[in-house]
Amino acid sequence: MKTINIAIDGPAGAGKSSIAKKVSAELGYIYVDTGALYRTIALFITENDISDEDIPSALETADVSLKFIDGEQRVYLGDRDVSGLIRTPEISMAASRTSAIPAVRAYLFETQKKIARENNVIMDGRDIGTVVLPDAQVKIFLTASPEERANRRYKELLEKPGCPSYQEILDDIIKRDHNDMHRETAPLKQADDAILFDTSAMGLEESAAKLTALIREKLA
Ligand code: DC
C-alpha cells in the first residue's frame, strides 16, 4: 500500500521541527528530522578528523541509523545515541558545510527514501520536496524572516551561559541560509508545487493548528 508522505522544507530556525512534531502527533504520522542525519554525518567527520577527499570512502564505515522511541526520533552512530551531541553550534556549521558534499547527500538519500516508503511520514529538511520525495502528496515550504528567526533563537538562548548576541545569531542564520541556498547539490529552494507557509507572525500553536488543517484539506 502506498504510504502518505508530507514534505516540509525551509531555512534553519523557521520552526519546522517544532511545528512538524506537533502536526505529525496530530495526524498519527512519523516525524523524520533529516537535518539530524546530516548533523550525525558532520559529527562522524569531525570526530574522526576526516579530510574532504577521504569522505566518500570513509562514509562506507559511518553506520548512521534512526530509531523511533515512543514516537520520538533518535539518531545513532554505530550503537551510540548521538541525538544530544549533534546540537552544538560547531556541528551546525560543520553540517552546513558537509551537507554540500554530493557523496554525503547520496549516502543519506536511500535512508530517507526507505523510511518514507515504509511509513506515513512528515519529513523535514531542505530538499525533501525537490529531490528526496518529489511525489509527496503535500509539500510545504515553511519559512519566517531572518530577523524573526534570530529573535526566537535569541530568546531561547538568553537563559543559557555564554549566550551570543542577537547580531551574532542573525549573522549566523544569514550565513547558513546563504550556504544552504547557493550550494550546487540540492540547494534549498521552494518546489514548484509546494505551498508557502510563513510563520513570521504566528506562534507555535497557531502555526501547528493551521498547518494541520491545511494538510488535512489537501489530503481530503
Ligand atoms: O535542519 P538542521 O539545521 O538540523 O540541518 C542541519 C544542516 O543540514 C543544515 O545546514 C542543512 C543541512 N540539511 C540538508 O542539507 N538537507 C536536509 N534535508 C536537511 C538538512
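No lab work stands behind these numbers, since they all come straight from the coordinates. The shown structure was predicted, so the numbers you read here are calculated from the model rather than taken from an experiment. Don't worry about glycine lacking a Cβ; one is built from the backbone with ideal geometry, like all the others, and counts go over all protein chains shown.
Between the range 181-215 and the range 20-82, what is the C-alpha centre distance in whole Å?
Measuring centre to centre over Cα atoms gives 22 Å.
Kindly provide the pair-distance distribution of the range 72-220 built from C-alpha pairs, with 10 Å bins from 0 and whole-percent values in order of increasing distance.
That works out to 9, 31, 40, 19, 1, in percent per bin.
How far apart, in nm, are two points set 7 Å out from the Cα along the Cα-to-Cβ line at residue 46 and at residue 25?
Label-label distance for residue 46 and residue 25, simple model: 2.8 nm.
Residues of the range 101-123 with the amide nitrogen closer than 17 Å to a label point 7 Å from the Cα of residue 1, along Cα-to-Cβ, please.
The answer is 116-122, whose backbone nitrogens lie closer than 17 Å to the label point.
On the Cα set of the range 84-166, report Rg and Dmax in Å, please.
Computed over the Cα atoms of the range 84-166, radius of gyration and Dmax are 16.1, 44 Å.
Label residue 174 and residue 135 with points 7 Å out from Cα along Cα→Cβ: what is the distance between them in nm?
4.2
Taking the mean number of other Cβ atoms within 10 Å as a proxy for protection, how do you rank 27-37, 47-57, 2-12 from highest to lowest? Can you show the working numbers first?
Working: 27-37: 20.0, 47-57: 11.5, 2-12: 22.3.
Descending mean neighbour count gives 2-12, 27-37, 47-57.
Could you please report the charge total around residue 138, scoring K, R as +1 and D, E as -1 over all other residues with beta-carbon less than 10 angstrom from its beta-carbon? Walk me through the numbers before you get to the answer.
Details: positive: 139, 216, 218; negative: 193, 217.
Here the charged neighbours net out to +1.
Relative to a virtual label point 7 Å from the Cα of residue 185 in the Cα→beta-carbon direction, which members of the range 84-122 show backbone nitrogen distances below 11 Å?
Residues 98-109 qualify, since their backbone N sits under 11 Å from the label point.
Just how far, in whole angstrom, is the range 129-148 from the range 94-119 if you go by their alpha carbon centroids?
Here the two parts' Cα centres lie 16 Å apart.
Give, as a single signed number, the net charge of other residues whose beta carbon lies under 14 Å from the beta carbon of residue 213, with Lys and Arg counted +1 and Asp and Glu -1.
On the way: positive: 22, 210, 216, 218; negative: 26, 205, 206, 217.
Residues near residue 213 contribute 0 overall.
Find out how many positive minus negative residues lie around residue 172, taking Lys and Arg as positive, Asp and Glu as negative, among other residues whose Cβ is under 11 Å from that of residue 172. Don't skip to the answer; put the middle values down first.
Numbers: positive: 149, 153, 175, 176; negative: 168, 171, 177.
With Lys, Arg at +1 and Asp, Glu at -1, the net is +1.
What 222 nm value per residue comes from the helices of the chain, counting each DSSP H run with n ≥ 4 as -39,500 (n - 2.57) and dividing by all residues, nearest 500 deg cm²/dmol? Kindly include the intermediate steps, with their values, before the conclusion.
Working: 8 runs with 102 residues, N = 220.
Mean residue ellipticity at 222 nm (helix-derived): -14500 deg cm²/dmol.
Determine how many Å³ per residue the convex hull of the Cα atoms of the range 26-144 encloses. Walk me through the numbers before you get to the answer.
Working: hull volume 14.6 nm³, N = 119.
In the range 26-144, the Cα hull volume divided by residue count equals 123 Å³.
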